[in-house]
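Data first, discussion second: the structure below is written as structure tokens.
The values are calculated or read from the model by the stated rules, or taken from the named source; none is laboratory data. A quick note: this is a predicted structure, and the numbers were derived from the prediction, not measured. So basically every Cβ, Gly included, is an ideal-geometry build from the backbone, and we count neighbours across all protein chains shown.
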Amino acid sequence: MHSKDAYLTAGSPQSVWGIKVKDPQKFMRDRPDLFTAGGEETLPYPAVNIGFALFSPICPHLGCYYEWKPFANRFVCPCHGSQFDRSGAHVAGPATRGLDPLPLRERNGIAQCQWIRYSPTIPNRIVVSYIA
């Protein structure tokens, strides 16, 4: 993996899922696991930045790679059937939380994403590792 300051750079073989967040208030309502009742972030970084939310491609259930299924309008994990809506909220299956957002920033006109691996199978987001 290619990184600089722990952010993925162009040419990195790893990929993430990104969604355009047109209505930040709706995103906050859809993802109460990422915000307090008062609208404060529960993560140490913004879940939405420069109008996008990025998600780790790793299912929070057991670590498989999920896919977007347009016919279902959901992200679906092929391993155990966990499903997530467009905002990454958990809607079905054994996963105990929604999709894990990743930090996004813009530097010199280039969008960069920081890679974080979270512990699977538990409802809370516990960092296992950062790319170094």
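The set of residues from region 32-79 being surrounded by fewer than 13 Cβ atoms within 10 Å (Cβ to Cβ) and at positive phi comprises G39, I50, G51, N73.
Taking region 104-117 as the range and being surrounded by fewer than 19 Cβ atoms within 10 Å (Cβ to Cβ) and either touching a strand residue (DSSP E or B) at 6+ places or on another chain (Cβ under 6 Å) or not in a strand (DSSP E or B) (or both) as the test, the residues that pass are R105, N108, G109, Q114, R117. Here D30 meets the list (1) modelled with pLDDT under 90; (2) under 14 Å from the mean Cα position of the chain (by Cα); (3) among the acidic types (D, E) almost entirely, failing just condition (1).
Checked against (1) surrounded by 18 or more Cβ atoms within 10 Å (Cβ to Cβ); (2) at pLDDT below 95, S82 passes all but condition (2). Residues in region 92-103 that are surrounded by 16 or more Cβ atoms within 10 Å (Cβ to Cβ) and part of a strand (DSSP E or B): P101, L102. Look at region 44-64: where a residue is in contact (Cβ under 8 Å) with a residue 24 or more places away in the chain and closer than 17 Å to R74 by Cβ and a partner is of a type in the set (D, E) and surrounded by 17 or more Cβ atoms within 10 Å (Cβ to Cβ), sitting 6+ places away or on another chain with Cβ atoms under 8 Å, you get F55/D100; S56/D100; I58/D100; P60/D100.
Figure legend. Inter-residue proximity from region 85-99: first residues more than 15 Å from A53 (Cβ to Cβ), second residues assigned to a strand (DSSP E or B) and among the basic types (K, R), beta-carbon distance below 7 Å, spacing 6+ or different chains. Indicated pairs: V91/R74.
Taken over region 100-115, the criterion of being out of contact with any Cys (no Cβ under 8 Å at 6 or more places or on another chain) and modelled with pLDDT of 90 or more is satisfied by D100, P101.
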